[in-house]
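No value in this document is a laboratory result; all are computed from the given coordinates. Since the structure is predicted, the reported quantities are computational estimates derived from the model, not experimental observations. Positions of Cβ are backbone-derived with ideal geometry, glycine not excepted, and every protein chain shown enters the neighbour counts.
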Amino acid sequence: MRALVADGEWAPRGGYSPTPIELDSKVAASGSRVWRNTRFDLKEVSDPKITDDQVLIKVKVCGICGSDTHLYETDDDGYIIFSGLTKLPCILGHEFSGVVEEVGSRAIGLEVGDAVTVESVMWCGACLSCRSGAPNQCENINLMGLSSDGAMAPYVAVDARYCWKTSAIFETHSEQEAFDLGSLIEPLGCAYNGMFISGGGFKPGGVVAVFGLGPIGLAAVAFARTAGASKIFAFDVIDDRVQLASDLGADHVYNLATSGEPSASERILELTGGWGSDVSVEAAGAAPYTLPEMEKALSASGNIVYLGRAATEASMALDSLVSAAGKIVGARGHSGYGIFPNIIKLIAAKKLDVGKMITARYPFEQAVDALAKTSDRVDGKILVDLPG
């Protein structure tokens, strides 16, 4: 079969010494420190074969993630931007939906013909983190489409435990809509995990501010609306994405590249009578610029949720956290905690309307073009239709 494959050069940066595990496995704990000069091609690969615990999925739709974009983009020295777990060569694709075509002898809960979506955080279930109820912090984690082969291909083999049936969505949406929405559940899950699991959520009537309006930020806007925020602020530097945030329910949207003064924090404080934001979501990967503004507009007992993963550092006035009894939390992944089934139920009940996030789609033969298009950063979510 043909698949979209990323490959590159293993070349640790000067001053960085890979661990023995990294050297032995050629899996970089932080890809931006090791992999450079990446290339992307549609090429012939072997058809996947399932183990007893796996299912074979016929992929219908696969989205392109910001992590894929950061694998595609490089810095001035040719190193990838993505700072997470990376092993090349690798079949891309971890936001997808499809249909079960084959079931392993020990795979539980799935049958041929089931429509599914799949967690991309491949947790082991045996380490201390997993057994303590924190699968997203698995000590033996693999990331589908980044450190293990993904779903930008006609077929993918995955452990049944990572799969979730999406049949309920088909009861209230057309078949194409259901497959499309199924492919969004993975990125939606990252926002859900950050806002409501790691971040602790907010009371109905709370104020939410979202910085960065790519798919994760747009998902945060949609969840804030569904969860009963009284005011939703949304900030970006691209008009198209600012408009998408408005379409998804943000009350006050701003392009910080063109709106000038007042600052983001001043706007939040002015329009909340000085209260500020109860939850601020960093989904821009621009912490040096966004965190200081979040800190200035933090409400009493407010939370800052850091989702925009980037190998960067930021400064902020920590004393304000003491005064406000506030906190900063990081979040990775979307596994556990009922995240996938709850999102499926919300979409099926039409209480989470996120179809507007999809702004472009490409046929599989143009998958490389679709990946390149994400660098423009004007789209919400770009989908790729798989053949057949």
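General remarks:
- Nearest-0.05 FRET efficiency for GLN243 and LYS350, computed from C-beta distance (R0 30 Å): 0.85
- Estimated FRET transfer efficiency when R0 is 45 angstrom, pair SER230-CYS124 (beta carbons, to 0.05): 0.65
- Think of the chain as having a plus end and a minus end, set by charges on the Cβ of Lys, Arg, Asp and Glu; of GLN366, PHE82, ALA234, ALA234 sits farthest toward the positive end of this dipole.
- Each label point was placed 7 Å from the Cα along the Cα-to-Cβ direction; for ALA11 and GLU270 their separation is 4.8 nm.
- Subtracting the Cα-Cα distance of ASP76 and ASN37 from 0.36 nm times their residue separation leaves 13.0 nm of extension gain.
- Highest GNM mean-square fluctuation among LYS58, LYS26, LYS165, for the chain modelled with Cα contacts below 10 Å: LYS26.
- Note on region 128-194 and region 248-317: Cα centroid distance 29 Å, given to the nearest whole angstrom.
- Charge dipole (region 104-201, unit charges on Cβ, about Cα centre) - positive-most of ALA157, GLY182, ASN142: ASN142
- Taking the chain as a Gaussian network of alpha-carbon nodes connected by springs under 10 Å, the highest mean-square fluctuation of the residues SER198, SER301, SER17 belongs to SER17.
- FRET E, pair ASP47, LYS26, Förster distance 41 Å, beta-carbon r, rounded to 0.05: 0.95
- Taking all Cα pairs closer than 8 Å and separated by 6 or more residues, the relative contact order of the chain comes to 17 percent.
- For region 91-108, the Karplus equation 6.51 cos²θ - 1.76 cosθ + 1.60, evaluated at θ = phi - 60°, returns couplings of 6, 6, x, 9, 10, 8, 9, x, 10, 5, 10, 8, 10, x, 5, 10, 6, 10 Hz by residue, with Gly and Pro reported as x.
- Think of it as helices only: each DSSP H run of n ≥ 4 in the chain is worth -39500 (n - 2.57), and spread over all residues that comes to -7000 deg cm²/dmol at 222 nm.
- Dipole-positive endmost among TYR254, SER46, VAL121 within the chain (Cβ charges, Cα centre): VAL121
- Region 200-330: relative contact order in percent, alpha carbon pairs under 8 Å with at least 6 residues between: 22
- Identified option (computed Cα extents along the principal axes in Å; candidates (1) 74, 55, 34; (2) 59, 55, 41; (3) 79, 43, 37): (2)
- Projected label distance in nm at LYS58 and THR359, using a 7 Å step from Cα toward the beta-carbon: 3.3
- The chain: DSSP helices with Cα axial extent of at least 24 Å and average Kyte-Doolittle hydropathy no lower than -0.5: 175-192
- Inter-site label distance for THR172 and ALA257 at 7 Å from Cα along Cβ, in nm: 3.6
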